[in-house]
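Structure first, then comments.
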Amino acid sequence: MRHQNGRRKLNVKSSHKKSLMRNQVIHLITYGSLTSTKTQVKEVQRFAEKMVTLAREGNNFNARRRAKALMPYKEEALIKLFTEIAPKYVSRPGGYTRVIPMGKRASDTATVARLEWV
């Protein structure tokens, strides 16, 4: 039984999923949008919203340390998150991203969606 397991498996091992989520969020922060399958986009959306909520606290040592633990790969993405993205959403209570459905992919008919900042 999978009672109260709200996360999606994405058909990969947990270590692969963790690195996939980190890389996808770094891509979203760097380029402003992300196009992938709908299930992956929804899972990335959860992670990205948590990162912005963490960065909204301010550019203090503890918030930066916690964000670095969640996204250790790119320092440039963390800098952009804390200096450009999070200050725009200080007064917003949540919902920093939006998912735009883009139809089906031709090769395997997977549902494709785009994730972008509001």
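List of remarks:
- Some residue of the range 82-101 being over 17 Å from the mean Cα position of the chain (by Cα), under 25 Å from L10 (Cβ atoms) and at pLDDT 95 or above: no
- When L115, L54 are checked against the criterion of being in contact (Cβ under 8 Å) with a residue 24 or more places away in the chain and within 16 Å of the chain's Cα centre (by Cα), a single residue qualifies: L115.
- Only a single item in (1) closer than 16 Å to G95 by Cβ; (2) surrounded by 16 or more Cβ atoms within 10 Å (Cβ to Cβ) is not met by I29, and it is number (1).
- Yes/no for K17 being of a type in the set (D, E, K, R), in a helix (DSSP H, G or I) and open to solvent by 40 Å² or more (accessible area, probe 1.4 Å): no
- The criterion of being open to solvent by 60 Å² or more (accessible area, probe 1.4 Å) and either in contact (Cβ under 8 Å) with a residue 12 or more places away in the chain or in a loop (DSSP other than H, G, I, E, B) (or both) does not hold for R22.
- Those residues of the range 90-114 which are of a type outside the set (G, A, S), outside any loop (DSSP other than H, G, I, E, B) and either open to solvent by 90 Å² or more (accessible area, probe 1.4 Å) or under 19 Å from F47 (Cα atoms) (or both), in sequence order: T97, R98, V99, I100, P101, M102, K104, V112, R114
- Flag if P87 is surrounded by fewer than 11 Cβ atoms within 10 Å (Cβ to Cβ) and not hydrophobic (A, V, I, L, M, F, W, C): no
- Test for L70: is it within 23 Å of K17 (Cα to Cα), touching a residue at least 24 places away in the same chain (Cβ under 8 Å), open to solvent by less than 30 Å² (accessible area, probe 1.4 Å) and within 12 Å of the chain's Cα centre (by Cα): no
The values are calculated or read from the model by the stated rules, or taken from the named source; none is laboratory data. Bear in mind that the values here come from a model prediction, so they are computed numbers and not experimental data. Quick reminder, even Gly has a Cβ in these numbers, built from the backbone with ideal geometry, and neighbours come from all protein chains shown. Just the protein is used for accessible areas: all its heavy atoms, side chains included, with ligands, DNA and RNA removed. Shrake-Rupley method; radii C 1.70, N 1.55, O 1.52, S 1.80 Å.
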